[in-house]
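This report refers to the structure that appears directly beneath it.
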Amino acid sequence: MAIRRLSEWNETAKTWPLSASLVSIAVSLAFLFWKGCDITWLHAIIGLPLLCLAMTGFLYKFLFPTFRRNNITNVLVHVLWTSFMALATSFMATGKFHWSILAAIIPVGLIASGITHGKNKVAAYSYAFEVLVTYAYLAICSIIGIFPMATVIVFMTIPIALGCSKTMVNSIEGGAHLTRDLGARTANLLHLFSILLAAAFIAGRII
């Protein structure tokens, strides 16, 4: 049963709003750890998952249908959604808000927004831009010291990002059928990207 459920998740990415919230929490906690914050791990382990389960469905169902009007608002709603999870994580784990944590969450929101883009030409190029600009953003943040240099491990996911972007752009001429599994592929990119980003923050702290 568990294997079948995992297979369904991998193929359809139906659970990506919840899993994206969970990886947002993981990135947030790793960022706080790298910054040397005093994290209350009991709250992090118990309080944050409960918050995630309680708020993810509500926020996503409320924000997404209301504000998804075009590619710009589509990006905005996902950045706001993941930002809420990040700020809630900082408060639950440390007792105060850490606004600098938003720097680590912007890439998560950008990739998450790509999962729900439409099938037209503008959406295709918007998808490619959002996914690929994420890596430029990471490079800049690493160079100027906002992120640790260990963030370089995240660039291992560039081939996946390029493949997804190429599929989306090719669908302009080749037909929407080319993107039938792109949602699941993008969700998997989001998960791998976020896990490596969190690992980079932890490695940066240890090193």
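Between ILE143 and PHE129, the distance separating the two model label sites (each 7 Å from Cα on the Cα→Cβ line) works out to 2.1 nm. Evaluate E = 1/(1 + (r/R0)^6) for ILE158 and PHE97, where r is the Cβ-Cβ distance and R0 equals 45 Å; express this FRET efficiency to the nearest 0.05. Rounded to the nearest 0.05, the efficiency is 0.90. Equivalent-ellipsoid semi-axes for region 89-155 (Cα gyration tensor, √(5λ), whole Å, largest first): 26, 17, 8. Peptide packing: for 122-130, 37-45, 107-115, the average count of neighbouring Cβ atoms within 10 Å per residue gives the ranking 107-115, 122-130, 37-45, highest mean first. Taking each residue as 0.36 nm, the span from ILE206 to THR40 lengthens on full extension beyond its C-alpha to C-alpha distance by 57.9 nm.
Each reported figure results from applying straightforward, stated rules to the coordinates on display, with no laboratory input. Predicted model only: the values in this text are computed from it and were never measured. Cβ: placed from backbone, ideal geometry, glycine included. Neighbour counts: every protein chain shown.
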